[in-house]
Structures are given as C-alpha cells and as structure tokens.
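Asker: Right, I'll just put the structure down here and ask away after.
FYI, it's all coordinate maths here, none of it is from the lab. Computed from a prediction, not measured in an experiment: that's the story for all the values here. In this analysis, Cβ positions are derived from the backbone assuming ideal geometry, glycine residues included, and neighbour counts consider all displayed protein chains.
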Amino acid sequence: MDIPVLHRLSLNESPYPPLPSVREAMQRAVAQAHRYPQFRPDELTERIAAWCRVPSDRVAVGSGSVGVALQLFRAVVRPGDTVVYAWRTFDAYPLLAAMAGARPVPVPLSPDGHQDLGALLAALDHRTRVVVLCNPHNPTGSLVAADALSAFLRQVPRHVTVLLDEAYIEFARDTDLPDTPSLLDAHPNLLVLRTFSKAYGLAALRIGYGLGSVDLVGRIRRQQLPFGINAVATAAVKASLQAESELRLRVDTVVAERERLRGELVSLGWRVPHGHANSVWLAPPDPVDEGAAALAGAGVQVRHYPGEGLRLTVGDRNANDTVLTTLAGLPTHRAASRA
Ligand code: PMP
C-alpha cells in the first residue's frame, strides 16, 4: 500500500504559501487574464533592477531561473561546445546543456561536498562556453566564500561564461559571503542567477532573473519568448517586493529551523555539514539509505541519492519534528556514525 505523503521535503520549496497581500495582487491580475502581458517583460525587469540597484539593461527575466539559464545556453553555445559543472548538482544543468546542443562535462565534487574549483578550472578548454557554479550548492549546501570566488573568476578565460547560480543565496548567513553584483563590472563574462521560487516562495509562478553585463544580458534577452512572462506571476513578484521585510522574516525562520535540525541531528549522532541553503545534507558513512526508507515510511518525501546522500528540505516546525523523530528511531544511526 502506498504511504501518503504528509510532508514534501524533496524540492527545496518554501513551506509558506503566498502572503495575503501577494494573493490579492494575483487575484486582481487573474481578473484581467483576457489581456496579454507585456510583449517583453520591461516593467518587471525595471522593478527587479531598481530593487537590485543595477541598471535595467543588466537584468534578464525568464521562466524561473532555469528559463534564464536555458536562454543563456542558447545564446552562447554552438553544437559541440561544452558546459562544465560540478556533479552531483541540480539535475537541470545537464538537461539544459543538452537542449542547447552542448556536451555536458561533469566534474566530481570534493569528498567533503564542495565544488572543486581547481578541477573545474582544469576542465575548461577552447570548446567550453559555460562553467556553472552553484552557490550555495545544491544538494550539499556548501558555500564558495568571497575570496575563493574572486580568485576563481580571475582565472576563468573570457570566452567562458560563468553561470553563478544563487538560487539559495538568501538563506546563506556566512560573514564571508560574496557580494556578487559588485563583481559584474570586473567580469563581463559573469551571469548571476537568482529566483523568486525559493526564499520568495513563488515556485509555481516561474520567475527568475539574471544579472550580467549589458552585452551578455542583451544576448540572453534575445532568447526571451514573446509574451513569455505571465501577468499573474508578474503581479505576485511586484507584491512580494513590496512585502520584502515580511518575507525576510520567513527566511529567517527557515534558517533558524535549518540550524535547529542540524544541531539535533548532530546530537543524534549524524555528521551534518554546515549548510547554507534551505536544506540539510546527510551523506555516508551515515546510514542515508535506511534514513530515506524510514522517512518514506513516515510519509516524508525527501531527495534520496542512493548510496550517495539525502537532501532534506527545511520544512515547517511540524515537518522538521517528524524528520527528527523518524531519524532518532533508526537503530543503526549511532553505530554507523561512529564507524
Ligand atoms: N538552481 C538551483 C540550484 C536549484 O536547486 C533550483 C531548483 N531546485 C533552481 C535553480 C530552479 O529554480 P527556478 O524555480 O527558479 O527555475
């Protein structure tokens, strides 16, 4: 018999539904659904640019951040070119690379779950068009700190675009966080990718954006589908920007829950690295496969990479408590974690 899913902690979504003010804005837009949205999403682009304090010709909006990434790949890749990224990572990169006709080049993570910057640099050659850096990293939650990122960017040749995926940046609290928009002037080959799907809780609405040089953004915008950004989503993003302080409090709560989950799991005997996204990463030699089975049995859906790891999205307090109770009940966890 299938066990019903009680808590979906598998897709790094926000546990919170849209704020009332955001819902009202969406309802007003729904009432106008017989009208097309803008041909190009200029108004939304300007709002996002003002909020990010960059000129609007440095912002490209797309259908989720995956949409912007696809537009980038389509803009810069020719058949036979390569796209380099650390693996394991977000599943979409190889798919998007293939959609654009590129050959994916996965580079193994270091054993502690960090993107191996030296190995990524070594994998770049004359056929490489894009190198992806995911910061904080999905699924491990590891972080590339400011100095390491600057050194990396200095060494990437200009013919390679750096896709710096910051889908989870709002959840990172490190003192050594890179200030990426300030790097754009020095690196015209950099695209900083952000999204309203995670911290802003609008995953269903598919709005992401990229910040980059005028030239790169212009090329990405040329791949934008006409009328491609829907009006209800646009209304929700504009209302969310107005409710930013309320939404930031929600992010703070997720961060506090992440730290609570980590602390409790450590005291149960699991080795849990410091994570900087809205998730917690468990890896062997801790018993991740048994953990995944136990969580599935308790109706908790998580992201399980058999033999490799378990990514738990930080949920609401109730969901996180269910995770803790379930993993605490594992007979093997202490023995395995001491191995
Ligand atoms: N980047 C990373 C690293 C992700 O993990 C995800 C979603 N899981 C995305 C991008 C996709 O975000 P969006 O909804 O903006 O397409």
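Asker: For the chain, modelled as a Gaussian network with Cα springs under 10 Å, which listed residue fluctuates most, 189, 318, 138?
Answerer: In this elastic network of the chain, the residue with the biggest mean-square fluctuation among 189, 318, 138 is 318.
Asker: Springs between alpha-carbon atoms under 10 Å, Gaussian network over the chain: tell me which of 92, 277, 319 tops the mean-square fluctuations.
Answerer: 92
Asker: Sort 238, 198 by Cβ crowding within 10 Å, fewest neighbours at the top.
Answerer: Going from least to most buried by this count: 238, 198.
Asker: Which value results for Rg/Rh of the range 35-190 when Rg is the Cα radius of gyration and Rh the Kirkwood radius based on the inverse mean 1/r?
Answerer: Looking at the range 35-190, the ratio lands at 0.96.
Asker: As an exercise, use a Förster radius of 25 Å and the Cβ-Cβ distance of residue 148 and residue 78 to find the FRET efficiency, rounded to the nearest 0.05.
Answerer: After rounding to 0.05, the efficiency reads 0.25.
Asker: Can you give the net charge of the other residues whose Cβ lies under 10 Å from the Cβ of residue 161, counting K and R as +1 and D and E as -1?
Answerer: Counting the neighbours of residue 161, the net charge comes to +3.
Asker: Hey, if you put +1 on the Cβ of every Lys and Arg and -1 on every Asp and Glu Cβ in the chain, which of 212, 77, 278 ends up farthest toward the positive end of that dipole?
Answerer: In the chain, that residue is 77.
Asker: Roughly what % of DSSP beta bridges within the chain run antiparallel, to the nearest 5?
Answerer: The antiparallel proportion sits near 40 percent.
Asker: Short version: what are the Cα gyration tensor semi-axes of the chain, square root of 5 times each eigenvalue, largest first, in whole Å?
Answerer: Details: eigenvalues 215, 138, 60 Å².
For the chain, the ellipsoid semi-axes come out as 33, 26, 17 Å.
Asker: A follow-up question, please. With runs of 4+ DSSP H residues as the only contributors, calculate the mean residue ellipticity of the chain at 222 nm using -39,500 (n - 2.57) per run, divided by the residue total and rounded to the nearest 500.
Answerer: Result for the chain: -11500 deg cm²/dmol, rounded to the nearest 500.
Asker: Right, something else. Only Cα pairs within less than 10 Å get springs; with that Gaussian network setup on the chain, which residue of 256, 148, 31 has the largest fluctuation?
Answerer: Between 256, 148, 31, it is 31 that shows the largest mean-square fluctuation.
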